[in-house]
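Presented below is the structure to which this report refers.
Readers should treat all values here as calculations from the given coordinates under stated rules, not as data from a laboratory. Since we're looking at a predicted model, the values are computed, not measured. Positions of Cβ are backbone-derived with ideal geometry, glycine not excepted, and every protein chain shown enters the neighbour counts.
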Amino acid sequence: MLRVLFLFLWLLLAPACRAQGPVVLYYNERPPYLMSAPDGGVHGLTADPAAAAFADAGVPARWMRMPSNRQLALLRKGGQRCAVGWFRNAERERYAKFTLPIYRDLPLVAVVRDEFALRGAATLRQLVAMPGLVVLVKEQYSYGGYVDAALAETRPVRTATTAESMAMVAMIGAHRADVVLLASEEADYLLRRAELRDKGLRVLRLSDVPTGERRHIMCSRDVSDDIVRRLDKEIRQKPGGP
């Protein structure tokens, strides 16, 4: 009888125990969105508003570096975990909660080699319909509704990788694929980096791609609705908030 009572009390208190402690904020190195700093913090276009939302909402949090695919797997498991800067789509909504958007990308562009056939401005559909084109994509990533649909319809050859954006751009220079799609601010930032500046790469603007997708804080289902509401309140109050 005592053992049954102990089990009942443990089941009753376990959710409260799991809720204690800081929320873990997963990130991967992805400049200019998420960049480790010497002070142990994380800074960037999505890191800064995420950190501010948690701090202003009074929700303790700590950063943890984690590969992007592993972030998704851990969020599926539950726990007091969130990942920063993710697009919202129907598949992810099945296992995660989302805050209001913390950042909106500029339109996507293509990074190609200097000798690539298309020059000036082109359309995404012109690009992905080119015979023999090989598009480098990130595993389990969404590129937004418009781009995902165009890729699904035209079905270019795709090479998938778990590498981060810097390495993906370098792979274009190394002829591992013909094109990689990135937000404009990310592509411009990376091509200014010393590691990529002399690799014979350029940005191809895509005239038909709409304004970039919104990025959110994505949390496991175990993160309480109250925490998400508090974060949303702080996000909404920031200049330029939704």
| request: Nearest 5 is fine: what % of DSSP beta bridges in the chain come out antiparallel, could you say? | output: 55 percent
| Taking +1 at the Cβ of each Lys and Arg and -1 at the Cβ of each Asp and Glu, which of VAL128, HIS216, GLY200 sits farthest along the dipole of segment 121-242 towards its positive end, judged by Cα position relative to the Cα centre? | GLY200
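How large is the dipole of segment 98-150 about the Cα centre if only Lys and Arg carry +1 and Asp and Glu carry -1, each at its Cβ, rounded to the nearest 20 debye? Write out the running numbers ahead of the final one.
Numbers: 5 positive and 5 negative charges, 22 e Å.
That gives a dipole near 100 debye.
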| note | Answer check: segment 44-139, Cα atoms, Kirkwood Rh, Rg/Rh ratio of 1.07
| From the Cα gyration tensor of segment 145-236, with a ≥ b ≥ c the square roots of its eigenvalues, which class applies: rounded if a/c is under 1.5, or else prolate if a/b is larger than b/c, or else oblate? | prolate
| request: Can you pull a Stokes-Einstein diffusion coefficient for segment 192-242 at 20 °C (1.002 mPa s), Rh from Kirkwood over Cα pairs, as a whole number of µm²/s? | output: 140 µm²/s
| message | Going by average Cβ density within 10 Å per residue, which order do the peptides 46-58, 179-191 take, highest to lowest? | response | 179-191, 46-58
| field | Listed residues HIS43, VAL137, PRO67: farthest to the positive end of the dipole of the chain (Cβ charges) | value | PRO67
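Just want to confirm a number: the relative contact order over segment 100-242, from Cα pairs under 8 angstrom separated by 6+ residues, in percent. Can you show the working numbers first?
Details: 213 pairs, mean separation 65.0, N = 143.
RCO, segment 100-242: 45 percent.
Decide, for segment 116-173, between rounded, prolate and oblate: order the square roots of the alpha carbon gyration tensor eigenvalues as a ≥ b ≥ c, take rounded if a/c falls under 1.5, and otherwise choose prolate if a/b is larger than b/c, else oblate. List each step's numbers first, then the result.
Working: a/c = 1.72, a/b = 1.19, b/c = 1.45.
Taking the square roots of the gyration eigenvalues as a ≥ b ≥ c, segment 116-173 is oblate.
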| field | Unit charges at the beta carbon, dipole of the chain: most positive-side option, THR154, PRO22, MET171 | value | PRO22
| remark: dims of segment 60-109, Cα set, principal axes, largest to smallest, nearest Å -> 33, 24, 21
| note | Checking ALA152, ALA170, ALA110 against a Gaussian network model of the chain (alpha-carbon springs below 10 Å), the top fluctuating residue turns out to be ALA152
| task | Note down the magnitude of the dipole of segment 146-203 about its Cα centre, charges +1 on Lys and Arg C-beta and -1 on Asp and Glu C-beta and zero elsewhere, to the nearest 20 debye. | result | 240 debye
| note | Mean projected area, convex hull of alpha-carbon positions in the chain, reported to one decimal in nm², is 15.6 nm²
| note | Percent relative contact order for the chain, counting Cα pairs under 8 Å at least six residues apart, stands at 30 percent
| For TYR103, residues with placed amide H under 5 Å, excluding near neighbours | ARG215
| task | Let me know the charge dipole size of the chain about its Cα centre in debye, to the nearest 20, where only the beta-carbon of Lys, Arg (+1) and Asp, Glu (-1) is charged. | result | 540 debye
| message | Taking θ = phi - 60°, what integer Hz values does the Karplus form 6.51 cos²θ - 1.76 cosθ + 1.60 yield along segment 202-209, in sequence order, with x for Gly and Pro? | response | 8, 9, 10, 6, 10, 6, 9, 7
| remark: Under the Karplus relation with 6.51, -1.76 and 1.60 and θ = phi - 60°, whole-Hz ³J(HN,Hα) for segment 159-164, x at Gly and Pro, equal 10, 9, 8, 9, 5, 7
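For segment 36-77, rounded, prolate or oblate, judged on the Cα gyration tensor with a ≥ b ≥ c (square roots of eigenvalues), a/c < 1.5 rounded, else prolate if a/b > b/c? Intermediate values should be presented prior to the final figure.
On the way: a/c = 2.10, a/b = 1.37, b/c = 1.54.
Oblate.
Counting each DSSP H run of 4 or more residues in the chain as -39500 (n - 2.57), what helix-only mean residue ellipticity at 222 nm follows after dividing by all residues, to the nearest 500 deg cm²/dmol? Walk me through the numbers before you get to the answer.
Working: 9 runs with 88 residues, N = 242.
Taking each H run of at least 4 residues, the total per residue is -10500 deg cm²/dmol.
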